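Let me begin by presenting the structure, written as structure tokens, before commenting on it.
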Amino acid sequence: MLRRIVGVCGWVVLLAMAQAALAQDFSADVVNEKGNQDLKKIYSTRDKVRFEVAARNQTMGPSAFIVDEAQNKWIILLAERHMYLDSVPAMMKTPTMYQFWHVDDVSDACPQWKKFADQAGTSKNWGSCTKVGSDTVNGRSTVKYEGVSNKGEKNHYWVDTKLHCVIKTDGSGGIELRNIQEGSQPASLFEVPAGYTKFDMGSMMQRPQ
């Protein structure tokens, strides 16, 4: 279960950075085109994000990840057990690369992505980045980009012109934000519910995996 939590955290952090400079609160369904339905829902405010995660293990039940960007704080809620984890170190090792999902200049995202690839040490895989042009995704205005790795692997990215974040990708790990609803989100979504107890991460790490 720990491995799955940390693995899903990669997607969570990746998407969390998309809200870092957004003025518009929103919620959306998260859809993986390859059928991986770990991430189900996202709720975003100016400095916080909540992700709903589907349950694979019935004993653990569904989970939620809360990211508080202002306080650099991370919380995992285990609903079935009424427990929570906070500030998991494994989630915080390489935050720079995940800034890929938030785009400062929607009309010219490639230089920013190249910069973050250099900082994250992944630029050796960089081939090319090209702006394709304006496009529409589920009724929303986007700018489409094409990225090609140095091995010739091709992926496309759609950046929402209002939210300034990637709302769709294709390729091997394609995901899409659907049913985007702009508007304020309840503060309770980003708090630990009453009655939850803190999970002992140290004891879990010492157990055989």
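I want to confirm something. Restricting to the range 162-181 and keeping residues that are touching a Ser or Thr at 6+ places or on another chain (Cβ under 9 Å) and exposed (fewer than 14 other Cβ atoms within 10 Å of the Cβ), which single residue is nearest to residue 49 (Cα to Cα)? So the residue we want is 181. For first residues located in the range 156-182 and on the phi > 0 side of the Ramachandran plot, partners that are of a type in the set (S, T, N, Q) and lie 6+ apart or on another chain with Cβ distances below 6 Å form the pairs 171/155.
Scanning the range 147-164 for residues that are in a strand (DSSP E or B), in contact with a Phe, Trp or Tyr (Cβ under 9 Å, 6 or more places away or on another chain) and over 18 Å from residue 122 (Cβ atoms) returns 156, 158, 159. Do you know which of the residues in the range 29-84 that are among the β-branched types (Val, Ile, Thr) and not in a strand (DSSP E or B) is modelled with the lowest pLDDT? If we take residues in the range 29-84 being among the β-branched types (Val, Ile, Thr) and not in a strand (DSSP E or B), then 59 is modelled with the lowest pLDDT. Only residues that are under 24 Å from residue 47 (Cβ atoms), of a type in the set (Gly, Ala, Ser) and assigned to a helix (DSSP H, G or I) were counted across the range 99-146, and they come to 1. Out of everything in the range 85-101 that is modelled with pLDDT of 70 or more and touching a helix residue (DSSP H, G or I) at 6+ places or on another chain (Cβ under 8 Å), what residue ends up being farthest from residue 122 (Cα to Cα)? Out of the qualifying residues, it is 85.
The values are calculated or read from the model by the stated rules, or taken from the named source; none is laboratory data. The structure presented is a predicted model; accordingly, all values stated were derived computationally and were not measured. Neighbour counts run over all protein chains shown; Cβ positions are idealised from the backbone, glycine included.
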